[in-house]
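Student: Structure incoming, see below.
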Amino acid sequence: MNILFKSFDGDPTERALLEAAFRNTRLGNCISIANDPSVLPKLTAQEHRWMSAGNLRCGHYPDVDWSTILPIDEPLLEAMRHCEAQCLRMLERYAFPQDIPFEERKRQYLRHLQYWNHVLGTEKIDLVLMNHVPHQCYDYVIYHLSKMKGIPVLYIDRMLTTDSVFMVSDWEESSPEIRDHYREVRERYTQTAEPITLSENYEYLYSYYLQKRPTPWYKPGKNPDSRRGFISKWYGRAAKLLFRDPAKLFTALLSPETWRRKLAEHRTFQFYERHVQTPDLSARYFYFPLQYQPEASTNPVAGAFTDQELSIQLLASCLPSGIRLYVKEHPRQGERCRSEDFYRSLLEIPSVTFVPKGFDTYELMDKAIAVASGVGTALFEGMIRHKPGIMFGHYFYQYAPGIHTVHSVEDCRRAVDSILRGEGLPTEWDVRMFLKAMDECSTPSAGLPALSPHEKRSDAEKVELMGAMVARSILTLPARKQ
């Protein structure tokens, strides 16, 4: 089997889980995309070569003789149009401290497309295995080319809210294993009066998210960009850069473009702060917490709704008169992916009210009619707290009770009408059944501190379980289409 591995080079457990998965397997020709060749997993393979992830993120292929690479033709370009638009947007994560012009984004995309279309075919790759959802442009090209060519793709999806991992083969379908197991659990418990028992870990997590103010998984802290003063905002960063790379600092200080961009960013944050209002929690409202960007949770996982203003505009258009839409910026949102125009477009919606970043998200959630988001954690937390949700994206809790997945205007209207009629609200029984399904078909995640104090397994034990999960998933894959 010829395998393309991507990003198993961070925490040591990531390499170890591959070594566990392929311990008794002789592989063919393998390619590992990683930051450093010294951390590649030790596999029994006919050939195992390294490609620099750093070069690929920049669209660089320094050792490639392009005269030997198959050219791009019209059918390939047209077949990949759906991939192209997302890829150009994905490069926003690397447009810092300077923007990447459209022409350069397009050049990088076409390089990725040409190279990987050639390699996936000539190297006869049988499987693409990634350590996370594809979201860095080149890996998204690999993902879609593989789908087009009938090459199986698997990636590990880490669910930080539950200390668990699943194998995913299609980000839009997310985790059908949870969907199918949830149906089985519902059938099982519909026919019995037995209580729905959870493992110690999941019982703890259920109680944890029902608390009045559980600690958010993203570890909130002070965001220097939330300070109002321009000098105080950037002084600390400039001081650090002075010691780390003084030449870079002085180049930035002498650049009119740097000052223009920094002042524009400062005005953007101040614009939001000037327009926040203390929310009236006695009002009837839907709660929409903005997701952090740039991140894989919006691009690609939110799909067509990567631009969050689109989902807010759609939802607002479906709300009856008198119902507010409270929008709260993510506490850790940085200077990218936001602008005055972004915030202005939201304020043009009559029902929208900006909420202070520091306002308690759980209080907003508990008093809301419903929670709405792309695929934000607030949807999962709201479901556990018996709040219905409207989801503009693709993630495992699209199968959860009380979650309405929206793709069209009609989907959104139906979701809002159903919620306002009080239909399908997630009950304790529903929530515990969904957690039961997750509990029974999930694998514990290695490499990160567990939320649950009842988790007794070591990282070494979790690595073995994750390796077995990978091996199991590969065995159930269909053979590559020829």
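Bear in mind these aren't lab numbers, they're just calculated from the coordinates by the rules spelled out. Note that the structure is a prediction, hence the values are computed from the model and not measured. Every residue, glycine as well, gets a Cβ built from its backbone with ideal geometry; the counts of neighbours run over all protein chains shown.
Student: Roughly how big is the chain's charge dipole about its Cα centre, with Cβ charges of +1 (Lys, Arg) and -1 (Asp, Glu), in debye to the nearest 20?
Tutor: Taking the Cα centre of the chain as origin, the dipole is about 1160 debye.
Student: Under a point spin-label approximation (7 Å from Cα along Cα-to-Cβ), what is the MET148-GLU78 distance to one decimal in nm?
Tutor: About 1.2 nm, to one decimal.
Student: Can you tell me the dipole magnitude for region 146-193 around its Cα centre, using point charges on the Cβ only (Lys, Arg +1; Asp, Glu -1), in Debye to the nearest 20?
Tutor: 60 debye
Student: I need the GluC sites (Glu not before Pro) found in region 298-405, filtered to DSSP loop residues with at most 11 other beta carbons within 10 Å of theirs.
Tutor: Within region 298-405, the qualifying GluC sites (Glu not before Pro) (loop, at most 11 other Cβ atoms within 10 Å) are GLU348.
Student: Could you give me the ³J(HN,Hα) list for region 426-441, computed from phi with Karplus coefficients 6.51, -1.76, 1.60 and θ = phi - 60°, whole Hz, x at Gly and Pro?
Tutor: x, 8, 4, 4, 4, 4, 5, 5, 5, 5, 4, 4, 5, 4, 7, 10
Student: Here's a follow-up. Per residue, what volume in Å³ does the Cα convex hull of region 374-482 take up? Show your work: numbers first, answer last.
Tutor: Numbers: hull volume 16.9 nm³, N = 109.
Roughly 155 Å³ of hull volume per residue.
Student: So, one more: Would you grab the residues whose amide H sits under 5 Å from the one on HIS404? Only those 5+ places off in sequence or on another chain, please, with H modelled 1.01 Å from N.
Tutor: GLY389, ILE390, MET391
Student: Moving on. Subtract the Cα-Cα distance of THR215 and ARG23 from 0.36 nm times their separation in residues, and report this length gain in nm to one decimal.
Tutor: Between THR215 and ARG23, full extension yields an extra 65.3 nm.
Student: OK, next. As a test of the formula, what do you get for the chain when each DSSP H run with n ≥ 4 contributes -39,500 (n - 2.57) and the sum is divided by the residue count, at 222 nm and rounded to the nearest 500 deg cm²/dmol? Please list the in-between numbers first.
Tutor: Numbers: 18 runs with 209 residues, N = 482.
Taken over the chain, the calculation gives -13500 deg cm²/dmol.
Student: Still on this structure, I have one more. Looking at region 397-459, which GluC sites (Glu not before Pro) are DSSP coil and have at most 11 other C-beta atoms within 10 Å of their C-beta?
Tutor: GLU423
Student: Taking amide H positions as placed in the peptide plane 1.01 Å from N, state which residues far from ASN35 in sequence (5 or more) or on other chains have amide H under 5 Å from it.
Tutor: ALA53
Student: Just to check I understand the Karplus step: with θ = phi - 60° and J = 6.51 cos²θ - 1.76 cosθ + 1.60, what whole-Hz values come out for region 36-41, glycine and proline as x?
Tutor: 9, x, 6, 10, 5, x
Student: Restrict the search to region 149-218; then list the GluC sites (Glu not before Pro) that DSSP places in a loop and that have at most 14 other Cβ atoms within 10 Å of their Cβ.
Tutor: GLU172, GLU173
Student: In which sequence would SER345, SER321, SER7 go, from the one with the fewest C-beta neighbours within 10 Å to the one with the most?
Tutor: Values: SER345 16, SER321 6, SER7 20.
The fewest-first ordering by Cβ neighbours comes to SER321, SER345, SER7.
Student: Kindly write out, for region 191-199 in residue order, the coupling ³J(HN,Hα) from the Karplus curve 6.51 cos²θ - 1.76 cosθ + 1.60 (θ = phi - 60°), rounded to whole Hz, with x marking Gly and Pro.
Tutor: 9, 8, 9, 5, x, 8, 8, 10, 5
Student: As a test, work out the antiparallel percent of DSSP beta bridges whose residues both lie in the chain, rounded to the nearest 5.
Tutor: Just about 15 percent of them are antiparallel.
Student: How big is the dipole moment of region 326-425 about its Cα centre under a simple scheme where the beta carbon of each Lys and Arg is +1, that of each Asp and Glu is -1, and everything else is neutral? Debye, nearest 20, please.
Tutor: 120 debye
Student: Cut-off is 10 Å between beta-carbons; in what order do LYS147, LYS212 appear when sorted fewest neighbours first?
Tutor: LYS212, LYS147
Student: Farthest toward the dipole's positive end in the chain, which of SER7, LEU70, THR405, given Cβ charges of +1 (Lys, Arg) and -1 (Asp, Glu) about the Cα centre?
Tutor: Farthest towards the positive pole: SER7.
Student: Please give the contour-minus-distance gain from ALA468 to THR197: 0.36 nm per residue of separation, less the Cα-Cα distance, rounded to one decimal in nm. Spell out each step's value before the answer.
Tutor: Details: separation 271, 0.36 × 271 = 97.56 nm, distance 2.54 nm.
Contour length minus Cα-Cα distance gives 95.0 nm.
Student: Which entry in (1) 36, 34, 29; (2) 36, 32, 22; (3) 70, 23, 19 is this structure's computed semi-axes √(5λ) of the Cα gyration tensor in Å?
Tutor: Only one option fits the structure, namely (2).
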